[in-house]
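Notes for the one structure printed next.
Only the coordinates and a few stated rules stand behind these numbers; no lab work does. If you're wondering where the values come from, they're calculated on a predicted model, not measured in any experiment. Every residue, glycine as well, gets a Cβ built from its backbone with ideal geometry; the counts of neighbours run over all protein chains shown.
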Amino acid sequence: MIKTDIESFYEKIDISKLINKIKEDTLLGILSKKIITNVLHQYRKISNSDKGIPKDIEISAYLAENLYA
């Protein structure tokens with residue numbers, strides 16, 4: 001995998017696609033899935049947008065990689 005810095009990368013991630021990908025993830029437990037999807041739903045409410053994930057939390061890089069893996 002090649003990692004690169006893309007301007008506004010986290011802000012352009014589609015939250016719905018990411019939530020669906022998380023729900024399909026067989027490595028995550030049910031509680032982890034609930035916590036992550038709750039964070040994403042709350043962020044969507046706060047940001048008033050269907051795109052973007054918080055970039056200041058520990059799991060943001062994992063979430064982005066999970067979507068595009």
Original post:
What's the extension gain from Ile59 to Val39 if we count 0.36 nm per residue and subtract their Cα-Cα distance?
Top reply: 6.1 nm
Original post:
Mind checking which lysines have their C-alpha under 18 Å from Lys17, skipping anything on the same chain fewer than 8 residues away?
Top reply: Lys33, Lys34, Lys45, Lys51, Lys55
Original post:
Once volume of the Cα convex hull per residue in Å³ is worked out from the coordinates, which option in (i) 96; (ii) 73; (iii) 87 does it equal?
Top reply: (iii)
**OP:** Could you check the simple spin-label distance between Ser16 and Ser32, using points 7 Å along Cα→Cβ, in nm with one decimal?
**Re:** 2.7 nm
Subject >> Rel. contact order, % - alpha carbon contacts under 8 angstrom, at least six apart, the chain >> reply: 46 percent
Original post:
Which is farthest toward the positive dipole end of the chain among Tyr10, Tyr62, Ile22, measuring Cα position about the Cα centre, with Cβ charges +1 (Lys, Arg) and -1 (Asp, Glu)?
Top reply: Ile22
Original post:
In terms of Cα to Cα distance under 17 Å, which aspartates and glutamates are near enough to Lys12, apart from those fewer than 8 places away along the same chain?
Top reply: Asp50, Asp56, Glu65
Original post:
Given H placed 1.01 Å from N in the peptide plane, which residues other than close sequence neighbours of Asp14 have an amide H under 5 Å from its amide H?
Top reply: Gly52
**OP:** Starting from the Cα-Cα distance between Ile46 and Glu24, subtract it from 0.36 nm times their residue separation and give me the gain in nm to one decimal.
**Re:** 5.4 nm
